[in-house]
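Written below as structure tokens is the structure these notes are about.
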Amino acid sequence: MKNNILLFVLVSVLVTELFSSCKHDIPQPLIILNNGNNGIGNGNVSLPPCNSDSIYFDEQIAPILVSNCTTQGCHNSISHIEGIDLSSYAAVMASDVVNPFHASSSNLVKSIVTNNPGDVMPPSPSAHLLIAQVDLIKNWINQGALNLHCDAGCDTTYVTYSGIIAPLMTNYCNGCHGGVSPSGGINLMSYADVAVFAANGSLYGCVSHDPFWSPMPKNSTMMPQCKIDQIRIWVNAGAPQN
Ligand code: HEC
């Protein structure tokens, strides 16, 4: 009898364990939305940690393309010159300018590295892409032109101009808001320039899509929430030159 009770207890424990492990340990499917809002550090889906060997489209490639190629009259969803729209992953892939695993035969790469000054993209007077940006695009294509997502965490404790805000401007804004004729006459290349728009509220207003200001980056999805938070934190701290 004692043994039976023991067995019963053991079986009950096992069954309970089994059920509870069913409840808690079923791996959740990885939900990845392709709307560009679930990039690095967004924190609203469970993403794998970032791998420094992989290139992430929304985080690393999209800002370069949006900033340099989707200006008004160029390769955006409204004025897709020559049928080429570079404003999102889906649009890039549908535009047939990328040959996965073969950067050198991809028209996207050919157009930015051509030696013929009349054909090079973006056309003059826009500046050429930086060598590091061209290399990133080539490597992304050679890795298969994937749309990977990862979670790099979000540093909101130490948001400096030099460490976080300036690189963010380079990636997301300066293709339009830099060079000889910056979009809207707004230059965001230096601390002094950015500080003006931090002070009048438009910097955070634009990136957080406050209806009072124009939504930025123009013709693109919102930046990942982490970046928007970092801009808010820096602006609220008085936009210091740190
Ligand atoms: C594809 C080009 C493009 C990109 C990328 C872009 N902008 Fe703009 N931006 C414009 C144009 C064009 C205007 C002026 C016309 C308008 O308001 O739409 C403008 C206007 C602005 C204004 C003034 C808005 C207002 O309502 O007065 C601010 C501030 C601004 N941009 C900030 C940014 C920031 C910050 C980024 C990067 C996160 C960025 N922009 C990325 C094209 C761009």
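The values are calculated or read from the model by the stated rules, or taken from the named source; none is laboratory data. Keep in mind the model is a prediction, meaning the values are calculated, not measured. Here the Cβ is made from the backbone with ideal geometry for all residues, glycine too, and neighbour counts use every protein chain on show. Accessible surface areas use protein heavy atoms only, side chains included; no ligands, DNA or RNA. Shrake-Rupley method; radii C 1.70, N 1.55, O 1.52, S 1.80 Å.
Using a 1.4 Å probe, how large is the accessible area of residue 93, given in Å² and rounded to the nearest 10?
Using a 1.4 Å probe on the heavy atoms, I get roughly 60 Å².
Kindly identify the range 51-195 as rounded, prolate or oblate by the Cα gyration tensor criterion: order the square roots of the eigenvalues as a ≥ b ≥ c, call it rounded if a/c is under 1.5, otherwise compare a/b with b/c, prolate if a/b is larger, else oblate.
oblate
Sort 140, 213 from largest to smallest accessible area, using a 1.4 Å probe on the heavy atoms of the protein chains.
So the residues, ranked largest to smallest area, are 213, 140.
How do the peptides 195-207, 153-165, 115-127 rank, highest first, by the average count of neighbouring beta carbon atoms within 10 Å per residue?
Taking the mean over residues of other Cβ atoms within 10 Å, the ranking is 195-207, 153-165, 115-127.
Probe radius 1.4 Å, ligands and nucleic acids left out: which of 96, 85, 193 has the largest accessible area, and how do the rest follow?
Values: 96 120, 85 25, 193 45 Å².
Descending accessible area places them as 96, 193, 85.
So what is the relative contact order of the range 161-236, in percent, for Cα pairs below 8 Å that sit 6 or more residues apart?
Values: 68 pairs, mean separation 18.3, N = 76.
About 24 percent, as a whole number.
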